[in-house]
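First comes the structure, then the notes that go with it.
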Amino acid sequence: GTTGKRLKNSSVTITDSGYVGIGTTNPVTALTISNPSGNGFEIDPVSSNTIVYFTAYDRIANQYTDTVFRGRDIIFSPSFNELLRVGSNGRIGIAVSTPTDTLDINGNTRLRGALKDSTGSYGTNGQILKNVAGLPVWSNP
């Protein structure tokens with residue numbers, strides 16, 4: 001149930017089912033942190049899966065909201081193995097812990113779409129990317 005108990009002089013609620021709410025009296029996940037406007041953050045370990053959902057949600061508007069991570073780098077490290085880093089300097093590293101370019105990939109790369117040059121052109125069959133004044137531009141060989 002969701003009847004739960006409110007801690008004395010607190011904005012923390014613990015429901016009969018073990019859900020914890022901070023800033024809300026009706027937590028809908030294992031941990032729901034909310035403000036009076038309805039915006040909040042939810043952590044929901046799904047019992048039938050090996051997945052934990054981290055959700056930014058507005059319960060009053062009934063819609064997902066943007067999630068902003070503040071701080072230094074954001075690191076994704078499943079099984080304690082760093083696979084992705086979004087640097088505070090705007091650089092992204094895939095299998096690279098110190099990216100030196102906007103996108104720095106260590107390993108094979110597959111594109112599943114077209115590649116545009118600096119002018120927005122997709123190029124045509126047989127063209128190559130050429131460096132023109134420091135920018136990639138499709139041109140004939």
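The values are calculated or read from the model by the stated rules, or taken from the named source; none is laboratory data. Please read all numbers here as calculations on a predicted model, not as lab measurements. FYI the Cβ positions are ideal-geometry reconstructions off the backbone, even for glycines, and counts take in every protein chain you see. To get the accessible areas, we keep the full protein, side chains included, count just its heavy atoms, and leave off ligands, DNA and RNA. Shrake-Rupley method; radii C 1.70, N 1.55, O 1.52, S 1.80 Å.
Points to keep in mind about this one:
- Euclidean distance between Cα centres, the range 29-80 to the range 83-141, Å: 31
- Take every pair of alpha-carbon atoms less than 8 Å apart whose residues are at least six positions apart; their mean separation over the length of the chain yields a relative contact order of 8 percent.
- In the range 59-123, a dipole from Cβ-located charges (positive for Lys and Arg, negative for Asp and Glu) runs towards its positive end, and of G107, A61, G123 it is A61 whose Cα lies farthest in that direction.
- Dividing the mean sequence gap of close Cα pairs (under 8 Å, 6+ apart) by how many residues the range 59-140 holds gives a relative contact order of 13 percent.
- DSSP finds beta bridges in the chain, and of those with both partners inside it, around 85 percent are antiparallel.
- Spacing of the two label points (7 Å from each Cα toward its C-beta) at D101 and T124, in nm: 2.8
- Taking only Cα atoms of the chain, radius of gyration then Dmax in Å: 23.2, 76
- Each Lys or Arg adds one and each Asp or Glu subtracts one; over the other residues with Cβ under 12 Å from the Cβ of A30, this totals -2.
- Averaging 1/r over every pair of different alpha carbons in the range 58-141 and inverting the result gives a Kirkwood radius of 16.2 Å.
- Solvent-accessible area per residue for the range 89-141 (1.4 angstrom probe, square angstrom): 79
- Exposed chymotrypsin sites (Phe, Trp or Tyr not before Pro) absent: longest stretch of the chain, with sites in DSSP loops and at most 15 other Cβ within 10 Å deemed exposed: 1-68
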